[in-house]
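In what follows, a structure is listed as structure tokens, so that the remarks can point back to it.
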Amino acid sequence: MEKFQELKERANKRLSIADHILTQTYPLVKDPRLLLSVMENIFLALSNSMGAILYHERLFKKIPPFQDNFDSKFNMFRAKIVDRYKIDRKHVELISEIKSIIIQHRKSPIEFSRKDKLVICNEDYKMKTISIELIKEYLLKSKQFIELSRKITSKNEHLFNKE
């Protein structure tokens, strides 16, 4: 199995985990901290999906080599892939926004729950609120991006299927 195929599978798995936590676990437990877990799984799904496209393109020598870290992949994705496949900029913004929320959470000195929302504060007590509605919107957009990734990487799939 090629690396891009593995990444596609990982992306689908992370997306289904995020969906399960959001639709099954969260309604039972009602703990807003679960929303962070959903965000991280959505981010990993998006990152793996983006990686699948990049490794697919690299396999066919359409892009130069890149380092195996998020920033390098994200820059290569923006520079070479977005325009080639006419990927909507909202997908790039989604990946960037979710990554910044996760980083903000990791750096935040305090977080708390308020009315089914998770509030993350930074050092200056500027707040970022994560609600179930926001997460559902992210999940929907992520599903669209992962489907787009699947279409891009499936074009030459027949070359890698072993009968």
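The values are calculated or read from the model by the stated rules, or taken from the named source; none is laboratory data. Quick caveat: nothing in here was measured; it's all calculated off a predicted structure. Counting neighbours? That spans all protein chains shown, and the Cβs are built from the backbone with ideal geometry, glycine included.
Report the residue count in the stretch 115-149 for those that are basic (Lys, Arg), out of contact with any Ser or Thr (no Cβ under 8 Å at 6 or more places or on another chain) and either within 23 Å of Ile87 (Cβ to Cβ) or touching a residue at least 12 places away in the same chain (Cβ under 8 Å) (or both). Please lay out each step first, then the result.
Step one: of the stretch 115-149, the residues basic (Lys, Arg) are 115, 117, 126, 128, 136, 141, 143.
Narrowing the set further to residues that are out of contact with any Ser or Thr (no Cβ under 8 Å at 6 or more places or on another chain) leaves 115, 126, 128, 136, 141, 143.
The next check asks that each one be either within 23 Å of Ile87 (Cβ to Cβ) or touching a residue at least 12 places away in the same chain (Cβ under 8 Å) (or both); those that pass are 128, 136, 141, 143.
Number of matching residues: 4.
If a residue counts only when it is closer than 30 Å to Pro27 by Cβ, which helices (runs of 4 or more DSSP H) contained entirely in the stretch 45-163 have at least 1 such residues? Give the derivation first.
Working: elements: 70-76, 89-107, 132-154.
Correct list: 89-107, 132-154.
Quick check on Ser37: is it closer than 17 Å to Ile101 by Cβ and of a type in the set (S, T, N, Q)?
Details: closer than 17 Å to Ile101 by Cβ: yes; of a type in the set (S, T, N, Q): yes.
Spelling it out, Ser37 is indeed closer than 17 Å to Ile101 by Cβ and of a type in the set (S, T, N, Q).
Based on this model, can you work out whether Met50 counts as aliphatic (A, V, I, L, M) and in contact with a strand residue (DSSP E or B) (Cβ under 9 Å, 6 or more places away or on another chain)?
Considered against the rule, which asks whether it is aliphatic (A, V, I, L, M) and in contact with a strand residue (DSSP E or B) (Cβ under 9 Å, 6 or more places away or on another chain), Met50 comes out as no.
With the checklist (1) assigned to a helix (DSSP H, G or I); (2) free of Cβ contacts under 8 Å to residues at least 40 places away in the same chain; (3) of a type in the set (Asp, Glu) in hand, flag the one item Glu40 doesn't pass.
It is condition (2) that Glu40 fails.
Among (1) modelled with pLDDT of 95 or more; (2) assigned to a loop (DSSP other than H, G, I, E, B); (3) aliphatic (A, V, I, L, M); (4) surrounded by fewer than 18 Cβ atoms within 10 Å (Cβ to Cβ), there is one condition Met1 misses while meeting the rest; what is its number?
(1)
Within the stretch 108-118, is there a residue that is modelled with pLDDT of 95 or more and more than 24 Å from Glu6 (Cβ to Cβ)? Lay out the reasoning, then the answer.
Narrowing the stretch 108-118 to residues modelled with pLDDT of 95 or more: none.
Checked against the condition, which is being modelled with pLDDT of 95 or more and more than 24 Å from Glu6 (Cβ to Cβ), the stretch 108-118 yields no hits at all.
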